[in-house]
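A short worksheet on the structure shown next.
The values are calculated or read from the model by the stated rules, or taken from the named source; none is laboratory data. On a predicted model such as this, the values are computed, not experimentally measured, just so you know. So basically every Cβ, Gly included, is an ideal-geometry build from the backbone, and we count neighbours across all protein chains shown.
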Amino acid sequence: MKVKTSNPSPRSVGAPQRGRPREFDLASVAQAAARTFWERGYHATSLDDLCDATGLLRGSLYGAFGDKHGILLAALEHYADGALTQLAERLDAARPADEAVREALLHHTRAAATMAHLRGCLVTNTALEMAPRDEEVAARIEAIMRRVTTLFAAAIIRGQAQGVFDPALDERAAADFLLCVTQGMRVLSKVMPDEKRLATAIGIAMQALG
């Protein structure tokens, strides 16, 4: 998202507050907004909620993001960038591919047990709430999912070269399968945050790759 600003710094926007200009970091605002949408959902989040979470006035939020919908899109991008960075780190080539994929999947079981109060995953929650009726949000989420499958596909190819994954697997189909596993776990964990039970499902998924 491009944000127009007269400030020479690309990381901040001047915002009037009690008659004086104020500087704020767009990434920090997007992070605060993401957490609010994550906890409440899009429709249940008001502009007042976002103002309280970010510490900004409505005019400042509108000036930076356009409207509530624009704030959501920025929040999704910020959240997804962080989640994808973490996924890439878990799929690090420094360890065998099967161990890396297992660790990436097991992360969701631990998150289910420790972060149930946040109601799952922001991207998954937003997809369920918004995507059926919002083409822009649906396109944004689809792009995020493509980035996830690209990371998984690379791990599958690496595992095949190492001899730990079935060489007959189509890496894209296997990546889509892993995406389905992670998304299913995120939805299931909202009603059944049982780490041990979810971990058993991961074991079956790993057998399918071997």
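Could you list, ordered by first residue, the pairs with Cβ atoms under 7 Å in which the first is in region 176-195 and at pLDDT 75 or above and the second is among the charged types (D, E, K, R), at least 6 apart or interchain? Hits for this filter: 195/110.
Restricting attention to region 52-73, the residues being of a type in the set (A, V, I, L, M, F, W, C), surrounded by 18 or more Cβ atoms within 10 Å (Cβ to Cβ) and without any contact (Cβ under 8 Å) to a residue 60 or more places away in the chain number 4.
On the given criteria, is residue 148 under 14 Å from residue 177 (Cα atoms), in the same structural domain as residue 175 (by TED's automatic domain parsing) and in contact with a Ser or Thr (Cβ under 8 Å, 6 or more places away or on another chain)? In short, yes. Within region 31-51, can one find any residue that is of a type in the set (A, V, I, L, M, F, W, C), outside any helix (DSSP H, G or I) and exposed (fewer than 14 other Cβ atoms within 10 Å of the Cβ)? Yes, that holds for at least one residue. Determine, yes or no, whether residue 104 is surrounded by 20 or more Cβ atoms within 10 Å (Cβ to Cβ), modelled with pLDDT of 90 or more and assigned by TED's automatic domain parsing to the domain that holds residue 165. Yes.
All conditions in (1) at pLDDT 95 or above; (2) crowded, with 18+ Cβ neighbours inside 10 Å; (3) touching a Phe, Trp or Tyr at 6+ places or on another chain (Cβ under 9 Å) hold for residue 125, with the sole exception of (1).
Does region 159-178 include one or more residues that are surrounded by 15 or more Cβ atoms within 10 Å (Cβ to Cβ), in contact with an Asp or Glu (Cβ under 7 Å, 6 or more places away or on another chain) and outside any loop (DSSP other than H, G, I, E, B)? Scanning region 159-178 turns up at least one residue that is surrounded by 15 or more Cβ atoms within 10 Å (Cβ to Cβ), in contact with an Asp or Glu (Cβ under 7 Å, 6 or more places away or on another chain) and outside any loop (DSSP other than H, G, I, E, B). Somewhere in region 146-153, is a residue more than 27 Å from residue 70 (Cβ to Cβ), modelled with pLDDT of 95 or more and not aliphatic (A, V, I, L, M)? Among the residues of region 146-153, at least one is more than 27 Å from residue 70 (Cβ to Cβ), modelled with pLDDT of 95 or more and not aliphatic (A, V, I, L, M), which makes the answer yes.
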